[in-house]
Amino acid sequence: AGTVSFAVAANAGAARSGTLTIAGHTFTVVQETGSCSYAISPSNQNVAAVGGSGSVAVTTAGSCAWTATSNALWILVLSGASGTGNGTVAFAVLPNIGAGRSGTLTIAGQTFTVTQESLVCTFSVTPTSQEIRSNGGTGTVNVSAGSGCSWTARSNADWLSITGGSSGTGNGSVTFSAERNRGDDDRTGTLTIAGQTVTIMQDDDDH
């Protein structure tokens, strides 16, 4: 005859059961659900208009599970979408070319707030006009724009073609070509690049 003493560790997770085998007999222990508490640090972050990244630390008991999800399309969870116990969530914020905005992540049931500045994009192009000989030719226009500012380029004349740089972000360049002018008059056409007008002038075929 004898007595077996046992101890049960604290449960911070879901309800659970376990057994002891004593003298060939099974003794079952059922334990209630634990109470998990979570903390995140920091609880918010400001991000520049050009975008950026950050991380959030999760603190909880070793057996407590948690998840991390984004509630905004422009905030991406890079790592740490789920975990157990202490952990870290890494995230990225896409560039913002509109008004200032705010979005959230839900991490271990806690709200993490991201505030992003607005970005005012300004563009300039050089040169704003070019002359092309009557037999045709090519040219280049340089674009100056802030980082994260997107732009496009298009031709407004059937004898002008964009050959490179039809779109871009930040600084860049656009190349174009002009067909031979077989008419009797000088002609003028335009390109629209980053919202700016570039004028192309071409001599007639007699020059």
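Basic side chains Lys and Arg get +1 at the Cβ, acidic Asp and Glu get -1 at the Cβ, and with that the dipole of the chain about its Cα centre reaches some 1280 debye.
Peptides 102-109, 162-169, 124-131 ranked from most to least packed, by the mean per-residue count of other Cβ atoms within 10 Å: 102-109, 162-169, 124-131.
With the cut-off at under 17 Å, measuring from each backbone N in the stretch 17-39 to a point 7 Å along the Cα-to-Cβ line of F6 picks out 17-33.
Surface composition of the chain: carbon plus sulfur atoms contribute 48% of the solvent-accessible area (1.4 Å probe, protein chains only, all chains present). Annotation note: trypsin sites (Lys or Arg not before Pro) in the stretch 115-207 located in DSSP loop regions with a Cβ neighbour count of at most 12 within 10 Å are R133, R182. Pairs of C-alpha atoms in the stretch 34-163 farther apart than 27 Å represent 45 percent of all such pairs. The fraction of Cα-Cα pairs per 10 angstrom bin, counted from 0 for the stretch 91-207, comes to 13, 34, 21, 14, 10, 6, 2, 0 percent, rounded to whole percents.
Looking at the chain, the accessible area is 56 square angstrom per residue; that uses a 1.4 Å probe and ignores ligands, DNA and RNA.
Applying the criteria of a DSSP loop state and at most 13 other Cβ atoms within 10 Å to the chymotrypsin sites (Phe, Trp or Tyr not before Pro) of the stretch 1-108 yields F6.
The values are calculated or read from the model by the stated rules, or taken from the named source; none is laboratory data. None of these values were measured; they are calculated from a predicted model. Quick reminder, even Gly has a Cβ in these numbers, built from the backbone with ideal geometry, and neighbours come from all protein chains shown. Heads up: the accessible areas ignore ligands, DNA and RNA and are worked out on the full protein's heavy atoms, side chains in. Shrake-Rupley method; radii C 1.70, N 1.55, O 1.52, S 1.80 Å.
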